[in-house]
4 protein chains.
Amino acid sequence: MCRLLAYMGTPIVMDKILYQPKNSLVNQSINAREIEEPLNGDGFGIGWYVPDVNNEPVTFVSVNPAWSNRNLKNLAPKIRTPCMIAHVRAASVGEVSESNCHPFQYKNLLMMHNGGVENFERIKRKIRQPLSDELYNWIKGQTDSEHIFAYFLNELLAGQTDIVNIEQVIQAFEKTFRALSRMMKEEGITEPAYLNMLVTNGLFFVATRYVSDPKEEPLTLYHSEGGRYTVEDGISQMVAPADDDQAVLVVSEKLTDDKHWTLIPTNHFVTVDAALNVKIRPIQA
Amino acid sequence: MCRLLAYMGTPIVMDKILYQPKNSLVNQSINAREIEEPLNGDGFGIGWYVPDVNNEPVTFVSVNPAWSNRNLKNLAPKIRTPCMIAHVRAASVGEVSESNCHPFQYKNLLMMHNGGVENFERIKRKIRQPLSDELYNWIKGQTDSEHIFAYFLNELLAGQTDIVNIEQVIQAFEKTFRALSRMMKEEGITEPAYLNMLVTNGLFFVATRYVSDPKEEPLTLYHSEGGRYTVEDGISQMVAPADDDQAVLVVSEKLTDDKHWTLIPTNHFVTVDAALNVKIRPIQA
Amino acid sequence: MCRLLAYMGTPIVMDKILYQPKNSLVNQSINAREIEEPLNGDGFGIGWYVPDVNNEPVTFVSVNPAWSNRNLKNLAPKIRTPCMIAHVRAASVGEVSESNCHPFQYKNLLMMHNGGVENFERIKRKIRQPLSDELYNWIKGQTDSEHIFAYFLNELLAGQTDIVNIEQVIQAFEKTFRALSRMMKEEGITEPAYLNMLVTNGLFFVATRYVSDPKEEPLTLYHSEGGRYTVEDGISQMVAPADDDQAVLVVSEKLTDDKHWTLIPTNHFVTVDAALNVKIRPIQA
Amino acid sequence: MCRLLAYMGTPIVMDKILYQPKNSLVNQSINAREIEEPLNGDGFGIGWYVPDVNNEPVTFVSVNPAWSNRNLKNLAPKIRTPCMIAHVRAASVGEVSESNCHPFQYKNLLMMHNGGVENFERIKRKIRQPLSDELYNWIKGQTDSEHIFAYFLNELLAGQTDIVNIEQVIQAFEKTFRALSRMMKEEGITEPAYLNMLVTNGLFFVATRYVSDPKEEPLTLYHSEGGRYTVEDGISQMVAPADDDQAVLVVSEKLTDDKHWTLIPTNHFVTVDAALNVKIRPIQA
């Protein structure tokens, strides 16, 4: 079912998130704690922004498990960034291939998903139908995730410039979730869709903790914010805000057992703006 | 632009085709002779039939170049089969991924392609549109080849059982090529489509040497038939038919410089039936 | 710590061992039952004999996990063989690389190991020192396993022809285990060495269930023999011997919960000869 | 035979060296110009320094060809560094594996090699013999290159601290080359050893253009220095030194046809110090 993680704030060395915490994302690739199937060994991906070099982010993906990837291990202690996201995959829909690894990139946007749509193949054709030619051909893999993001982008970019803001992302997500529910209904898919999704342009995050059937529990999603994120001996902390430091994390599961993590309510957005203000609001879908 | 090869006849050890000839397919992966771009290093695939074990063929593909693949080198001298096909890829449309490696498999059928359609993305949506749901979701990769085969299968399987014969394959190819020309015209694609394609069910081959614009020269495609195919010191021979032995090869380029290869005429089919009879006939497209 | 499996007998389609049983080797790659660390996702390898084609076996290895390997899934239902072995790896010593995947091959011999030597690097130089130049250079990877097999081969091949018999293999194992204990002692390694190892030439098996410290429990190793090995709905059976059928399995852990598995005693060999006679005898090390 | 490249100077975006020049290193992976065998498709590696984050460099390697690697393509335009090296491999000694990819790393040092020692396996044991235990176990792969660097490191680190200077590197290279010649002689290897090697700690380069038989021509190695390295439309330039900018390149072959490249004389070192002073001096071996 995958695990994901996102950081924005004072530039941080990746290692502190990917490897050092007791329940780091790399450890979650072997043995996640807050999900029934603990193994997320079907490839991984990271994306990060280097604002002084390029407007577009770097992505690095692999079909190999995160736990044994020598390049990831080598990169992590040597890359410092103000904004990074990462994903470890447990394949449900789609083969283990680079095209099916998250994050997905569209220009300066990065996207990733934790969850799934049962019997997705039944609605695949419907999701593709309204796409612009550009987005139709942007799809490279087979996952429900990538197709849903293509639909989302199609809504997001309809009649507007490249510059997007949080409000537009929220509206595109809501339209997408409503359309998905409609298509699922039309095709007789009754299992709930689990859609914990996160989009960033390096300056903001919008993430969803969502399940299409409100009687069900969505997958876990937490946020944590403070002055500075630190890790020592595997224990992460969020130090109180100071003059220069600020940090926000959004994660599928807590990186350590301490108390600085807040569960996002069912069917709510969490948004983080460029000033690192965190807001929670209901998803109207 | 890829290179392909197919063998049917007296069971043969793969090695004799893949590695031993001077211009073996593995050598063609490094340095093909009869094509402008000699490198075919973007993955490879083989498929073979094991009639006494399973009705469906084995496929083995890799994103690594054929010339250094340890598994291929290890398999080739130890697998004997009455029907095998193989392909080395030079990526034009679509990333280097397992999903984009030939051969493509549908049940007991194997398919591979050498050539390409320029600006294929312009007609991708049109090709997918008429597909059955099953074939729509059968497509796993991004290549023009796989999409064209999906269209071909859609024609082939329309209103008929699983058992297909050479005549049906020929008709499905002709319908597919005609439809492609129409779609290309509608979308203003004027560059010719190069479509050397081969389909087998382990009991027959149907291959095309085709270019959509009859003023152009299609890519090379040869056949060779005889009693027994042998290789010694890199030189292949076709021994005259004997009581028990018969063999047919269809190849993108000659495996050795000797004379047992016949170029298939422009825009013609070559078919090989279960009795290894070879026929050449024009493509009505 | 790895899991391994070997079959000899009436030719069998690989699938029945690798995928069909409830606790198949592929399932053990995700979630092994009889070992502390259930994950064996650091690559895998299979080897099998095709006596009518080649004296040497085929090996097929991959650094990807067995559970998602498309080539393995495709090969397994279509290869029938009288002798096969297979291994899923949990890397302890040595990176995840093809060179570190089991089985290791030397001419017509295949070898694999489940276990390990703590602080192996301390004795690596000593193990290599007595090797013939050929075996010194035969080592391609970094594992304790491959080095121990090089030492074993050096003992096995000392002053004799290529043809080896069970007795010679037994003696080479005993010499190797004694030498290892001596080297460990010299270098102050006090942790026990776990050495469940299996060697085959396609006509016999010799396997060890061994721990260097007799106060410790070795890793599990079972055998099962009978007339024919069958699987239905995930449940394997050993049918009583019949005229034409015979089969022996040696496995790290039981493939199903039924009763046809016998634990090999601590520090004993299990040998299976060409007539499929199974013998148990103590290891003199 | 491989191709290599190194840059030190004003921080540069990798893309300008790896992809943009007409004869960029990525193009050399497909079709190198100044070597008999133009293909360098057996993996690649890059290493770069991030002085404000970590004393040790990042390395990123892959067994896939450079020309199709999506991660390399994605990283290159987004990483800026004052010191980078890169290597594309044509495997001679050793399989295609990550362990055999250059650069090799030892703490803060990066090393790479273009060339080879014929019949290297004959002297492998001799090269390993004098190594410290640490360096004996540092060797992970099978290449002549890595073994020679282990010997070099053993000389370099003998009785001294971690901090090394150019003079020490030069002496270690000379001792290594002399020892190699001696070992080759002892083992009857008469073919010349080709040893274009480069070592860096991020603050200096030492590179060799060397062949063990002075009657032979070594492989090509060039340097270029100036104020700023620029590329436009595939054409690289070295702008005259300005106040703030300085740059030095060392390359196996010229990145463009222009005149800013100087061939290093046969059997000479080129050294580049932290102030970017370039010196050429003979190798005393």
Taking Cα atoms only, helix D:144-157 is inclined relative to the longest principal axis of chain D by an angle, in degrees rounded to 10, of 80
Inter-copy distances for residue A:237, label 7 Å out on the Cα-Cβ vector, sorted ascending, nm, one decimal, are 5.5, 6.4, 8.3
Distance in nm between residue C:216 and residue A:181 label points, each 7 Å along Cα→Cβ, equals 5.9
Where a ≥ b ≥ c are root eigenvalues of the Cα gyration tensor, a/c under 1.5 meaning rounded, otherwise prolate if a/b exceeds b/c and oblate otherwise, segment D:130-183 counts as oblate
So, relative contact order of chain A in percent, Cα under 8 Å, 6 or more apart, is 20
Taking the alpha-carbon centre of each part, the distance from segment B:52-100 to segment D:84-139 in Å is 31
Quick calc, residue D:70 & residue C:191: beta-carbon distance into FRET formula, R0 41 Å, rounding 0.05, result 0.45
Heads up, segment D:1-136 by the C-alpha gyration tensor (a ≥ b ≥ c square roots of eigenvalues; a/c under 1.5 rounded, else a/b over b/c prolate, else oblate) looks oblate
Burial-style ranking of B:143-152, D:10-19, average other-beta-carbon count within 10 Å with highest first, yields B:143-152, D:10-19
Taking A:48, D:138 and counting other beta carbon atoms within 10 angstrom, the fewest-first order is D:138, A:48
For residue B:174 and residue D:280, extending 7 Å from Cα along the Cα-Cβ vector and measuring point to point gives, in nm, a value of 7.1
With label points set 7 Å from each Cα along the Cα-to-Cβ direction at residue B:31 and residue B:158, the distance between them in nm comes to 4.8
Percent of all Cα-Cα pairs per 5 Å bin for chain D, counting from 0 up to the last occupied bin, reads 1, 6, 13, 18, 21, 18, 13, 7, 3, 1, 0
Taking a ≥ b ≥ c as the square roots of the Cα gyration tensor eigenvalues, with a/c under 1.5 meaning rounded and otherwise prolate when a/b beats b/c or oblate if not, the protein assembly as shown comes out rounded
Per-residue Cβ contact counts at 10 Å, fewest first, order C:164, A:117 as C:164, A:117
Ranked from fewest to most other Cβ atoms within 10 Å of their own Cβ, C:281, C:178, B:228 fall in the order C:281, C:178, B:228
Calculated from DSSP helices alone, with each H run of at least 4 adding -39500 (n - 2.57) and the total divided by the residues of the protein assembly as shown, [θ]222 nm to the nearest 500 comes to -6500 deg cm²/dmol
Candidate cut points under GluC sites (Glu not before Pro) in segment A:62-126, DSSP loop plus at most 16 other Cβ atoms within 10 Å of their own Cβ, are A:118
Nearest-0.05 FRET efficiency for residue C:257 and residue C:134 at R0 = 41 Å, using Cβ-Cβ distance, is 0.35
Within 10 Å of the Cβ of an average residue in B:34-40, the count of other chain Cβ atoms is 2
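I'd like the trypsin sites (Lys or Arg not before Pro) in segment C:77-125 restricted to DSSP loop residues with at most 14 other Cβ atoms within 10 Å, sorted by number.
Sites meeting the loop and neighbour criteria: C:107.
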One computes Rg over Rh for segment D:207-253 from alpha-carbon atoms, with the Kirkwood Rh, and obtains 1.16
Magnitude of the Cβ-charge dipole (Lys and Arg +1, Asp and Glu -1) of chain B about the Cα centre, nearest 20 debye, reported as 200
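Every read-out reported here was derived from the displayed coordinates using simple, explicitly stated rules and does not represent laboratory data. Quick caveat: nothing in here was measured; it's all calculated off a predicted structure. With ideal geometry, Cβ positions are generated from the backbone for all residues, glycine too; neighbour counts draw on all protein chains shown.
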